[in-house]
Amino acid sequence: MRERVLQAEQERLDGVEGITIVEARKSIQEKITYSEERRYKDYRFFMDHCTSFYKEYGKGYIAIRDRRVLGHFRSIISAYKALTKQYPAGTYLIQECIEDKDSYHESIQSVFLFE
């Protein structure tokens, strides 16, 4: 997956005039990494909008990356399977969307899928 992301980003950047090698590398690195700072900003974004997300999507799981909703899913597994087709695993936030905002707490989860 990582190789596909790198290849696609390199192809996209090859057509951009005036981009430096440093800028190109930074753009590629941002596509494949998801820092604690980005994760925290996405979590804050979710918490700031969780009530409106619940009103719009109902109960389920919201996927967020760079303060942008990637989708709404019925299960965490369906979210993971759909998102790994476009993004490397671990480079987005999947957060359960429930009605009671006071029930949220910060935690880190790792999901392992075996086929």
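Structure notes:
- Where residue 30 falls short, out of the listed (1) surrounded by 12 or more Cβ atoms within 10 Å (Cβ to Cβ); (2) out of contact with any Pro (no Cβ under 9 Å at 6 or more places or on another chain); (3) at pLDDT below 90; (4) not in a helix (DSSP H, G or I): (4)
- Tally of residues being of a type in the set (Lys, Arg) and under 12 Å from residue 99 (Cα atoms) across the range 36-74: 2
- Close pairs (7 angstrom Cβ cut-off, 6 or more residues apart or separate chains): exposed (fewer than 13 other Cβ atoms within 10 Å of the Cβ) in the range 75-93, modelled with pLDDT of 90 or more anywhere: 75/61
- Flag for residue 82 being hydrophobic (A, V, I, L, M, F, W, C) and modelled with pLDDT of 90 or more: yes
The values are calculated or read from the model by the stated rules, or taken from the named source; none is laboratory data. All figures in this text were calculated on a predicted structure; none of them were measured in a lab. Backbone-built Cβ (ideal geometry, glycine too); neighbour counts: all protein chains shown.
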